[in-house]
Amino acid sequence: MVFFRTVEFSLDLGGMEWLSGDRFYACPTCRSLVDAANWPGLIAYAELGPRGVRVVEGFRDHHAPGAVVFGPGTNPEADR
């Protein structure tokens, strides 16, 4: 498993404000798609609707390249 560091952003999703947080976690398949900047592939793989597409677009525009890897049984949130 991995996460990508992200500059926090917000979206108005039909009258609801959605806040991103500063990390996006990714499975191995999603990581490959992000590393390749294959945003249409990520959207298709995750079977996202219109709101999900907007989240991916926000992530695309606000993430730092380079995944942070963490091992099984570890807690990447422990140092927060």
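Derivation of every value follows stated rules applied to the coordinates shown; laboratory data play no part. Source: prediction; values computed, not measured. Every residue, glycine among them, receives a Cβ derived from its backbone with ideal geometry; neighbour counts consider all protein chains shown.
Here's the picture: charge each Lys and Arg Cβ at +1 and each Asp and Glu Cβ at -1 in the chain, and of F4, N38, H63 the one pushed furthest to the positive end of that dipole is N38. The angle separating the long axis of helix 50-62 from the principal Cα axis of greatest extent in the chain is about 60 degrees. Ranking of R80, R51 by neighbouring Cβ atoms within 10 Å, starting from the fewest: R80, R51.
Whole Å is fine, so just give me how far the alpha carbon centre of the stretch 4-22 lies from that of the stretch 34-62. Taking the Cα centre of the stretch 34-62 as reference, the centre of the stretch 4-22 is 14 Å away.
Subtracting the Cα-Cα distance of R60 and E17 from 0.36 nm times their residue separation leaves 13.6 nm of extension gain.
Evaluated at 20 °C with a viscosity of 1.002 mPa s, what Stokes-Einstein diffusion coefficient in µm²/s does the chain have when Rh comes from the Kirkwood expression over alpha-carbon pairs? It diffuses with D of about 160 µm²/s by this estimate.
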